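Colleague: Mind having a look at this structure? Questions to follow.
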Amino acid sequence: MAHFDPNARPFSHKWMNERLAVDTLQKVLSTEYWIPKNINFLWAMGMILAATFGILLISGIFLLMYYIPDTKQAFDSVNYTVMSEVGYGWLWRHMHGVAASVVFLIIYIHMFTGIYYGSYKKGREMIWLSGMLLFVTFSAEAFSGYMLPWGQMSYWAGMVITNLFSLGSLDFQGLVEWIRGDYVPGQAFLNRFFMLHVLLMPLIIMALIVLHFGTLRIPHVNNQDGEEIDFDAEAQKWKAGLRKESKVIPFNPVFLSKDVFVMSIYFIIYFYLVFYHFEFAMDPVNFDPANPLKTPPHIYPEWYFLWSYEILRPFPKDPGLVAFGFAQVIFFLLPFLDRSPNVAPASRRKPFRCWFWILLVDMIVLTIMGKVPPVGVYTTIGTVAAWVFILLWVTLPIVTKLEKPVRRSK
């Protein structure tokens, strides 16, 4: 039970500590949150994601001041008011657009780092599942934001994606109309996606970030050797001054300083893109106002959705929807499909190593094929890549079940 000092000055450290346990929180979340020494720069991706989300929030607030969620004014409010009439409006839009694209590159790096090092195994299933929920909510946030400029690709991408909710031959057109608020995307559609983008999705993302960091605190962070570490014993070594012998370091200030260094390099690259190559994050087709009477010759989503979109395209209507749904949920099942007891990097798990690199290359191929029109040889390559993706996940339990035990590194 806390002892309250009636003479403590209001809002002093002692006063706050008696009421909010500030010292305890600092130990649990910072100075005595122990991180393995044998990790590399890829473990900084989580902090980079949090920082990029912060940029998206701040730049989004500035854009929100001038954006008009009206089908007749939305396009001009983004492309003329923000870009030409508001001081440094172009900067905030470039920052928001580049961050919205780069954040998915960091997410994919973070995701495949976790797969490569087995960070979803042996007590860390909730870390993986909460991370995948974050991926889904970031995807919903990105898609809803893509609708807001109300350009030509925004409109038609919204039309195609919402049509998926008809569920093929089940013909749930009533569900599609309920989502749109009309027979076709219009004012109700824009209002709903505006609300999702600026309010609901950011709140869910912030809650899931807290959950994700919370799940990291209990089983502790994995390391690049998959080594089992007695964190309590190693922490005692550090506290006793045996820092070279200890296998762990405190999150703050030691590991945090490494995170800050990696983030500094990231921000140099990020702002280089913002000032000199922002166009990669902005589809030129979307600089034309939405026109319901003119269908673009080739409709496609943003690059970070292309791999799953390409899995949909090669198949007939119903099988394509099944394959698309399969691609959306299968990553959630990874901790349960991997039947190997080994917690080790893919470099030391030979069958899994092949599986991992084939998956990575296949998703890159799917992403490239999703951008090009489905004609000629592109159709063949896309179909083969889609089948490879499905077969990889079907065979994963077999591949990992046959895996031999891996020796622990010393």
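The values are calculated or read from the model by the stated rules, or taken from the named source; none is laboratory data. Since the structure is predicted, the reported quantities are computational estimates derived from the model, not experimental observations. Don't worry about glycine lacking a Cβ; one is built from the backbone with ideal geometry, like all the others, and counts go over all protein chains shown.
Colleague: Could you tell me whether any residue of the stretch 273-284 is at pLDDT 90 or above and closer than 30 Å to Asn38 by Cβ?
Modeller: No, the conditions are met nowhere in the stretch 273-284.
Colleague: Mind checking which pairs have a first residue in the stretch 314-339 that is farther than 27 Å from Lys401 by Cα and a second that is surrounded by 18 or more Cβ atoms within 10 Å (Cβ to Cβ) and of a type in the set (Phe, Trp, Tyr), Cβ under 9 Å, 6 or more apart or different chains?
Modeller: Once the first residue is farther than 27 Å from Lys401 by Cα and sits in the stretch 314-339, its partners that are surrounded by 18 or more Cβ atoms within 10 Å (Cβ to Cβ) and of a type in the set (Phe, Trp, Tyr) give Phe315/Phe324.
Colleague: Just give me the residues in the stretch 157-173 being in a helix (DSSP H, G or I) and surrounded by fewer than 22 Cβ atoms within 10 Å (Cβ to Cβ), in sequence order.
Modeller: Once the filter is applied, which keeps residues that are in a helix (DSSP H, G or I) and surrounded by fewer than 22 Cβ atoms within 10 Å (Cβ to Cβ), the stretch 157-173 yields Met159, Val160, Ile161, Thr162, Asn163, Leu164, Phe165, Ser166, Gly168, Ser169, Leu170, Gln173.
Yes or no, residue by residue, for (1) in contact (Cβ under 8 Å) with a residue 40 or more places away in the chain; (2) not in a helix (DSSP H, G or I):
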{"site": "Asn38", "(1), (2)": "yes, yes"}
{"site": "Tyr66", "(1), (2)": "no, yes"}
{"site": "Val78", "(1), (2)": "yes, no"}
{"site": "Trp90", "(1), (2)": "no, no"}
{"site": "Val102", "(1), (2)": "yes, no"}
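Colleague: Something else now. How do the helices (runs of 4 or more DSSP H) wholly within the stretch 248-362 filter down when requiring 1 or more residues that are of a type outside the set (Lys, Arg) and over 30 Å from Leu91 (Cα atoms): which remain?
Modeller: 306-312, 317-329, 334-337
Colleague: Looking at Pro250, Pro149, Pro219, which is the one that is in contact (Cβ under 8 Å) with a residue 40 or more places away in the chain and surrounded by fewer than 18 Cβ atoms within 10 Å (Cβ to Cβ)?
Modeller: Pro219
Colleague: Across the stretch 31-50, what is the number of residues that are surrounded by fewer than 17 Cβ atoms within 10 Å (Cβ to Cβ) and under 30 Å from His96 (Cα atoms)?
Modeller: Qualifying residue count, the stretch 31-50: 4.
Colleague: For the structure I just gave you, tell me whether Asp225 is of a type in the set (D, E, K, R), out of contact with any strand residue (DSSP E or B) (no Cβ under 9 Å at 6 or more places or on another chain) and modelled with pLDDT of 85 or more.
Modeller: Taking the combined requirement at face value, the residue does not satisfy it.
Colleague: Could you grab me the full set of residues in the stretch 338-358 that are of a type outside the set (Lys, Arg) and either buried (at least 17 other Cβ atoms within 10 Å of the Cβ) or in the same structural domain as Glu125 (by TED's automatic domain parsing) (or both)? Walk me through it before giving the result.
Modeller: Let us first name the residues in the stretch 338-358 that are of a type outside the set (Lys, Arg), namely 338, 340-347, 351-352, 354-358.
Residues satisfying the conditions are Asp338, Ser340, Asn342, Val343, Ala344, Pro345, Ala346, Pro351, Phe352, Trp355, Phe356.
Colleague: Here is a follow-up. One residue is enough: does the stretch 6-18 have a residue meeting the conditions touching a His at 6+ places or on another chain (Cβ under 8 Å), at pLDDT below 95 and not assigned by TED's automatic domain parsing to the domain that holds His110?
Modeller: Taking every residue of the stretch 6-18 in turn, at least one turns out to be touching a His at 6+ places or on another chain (Cβ under 8 Å), at pLDDT below 95 and not assigned by TED's automatic domain parsing to the domain that holds His110.
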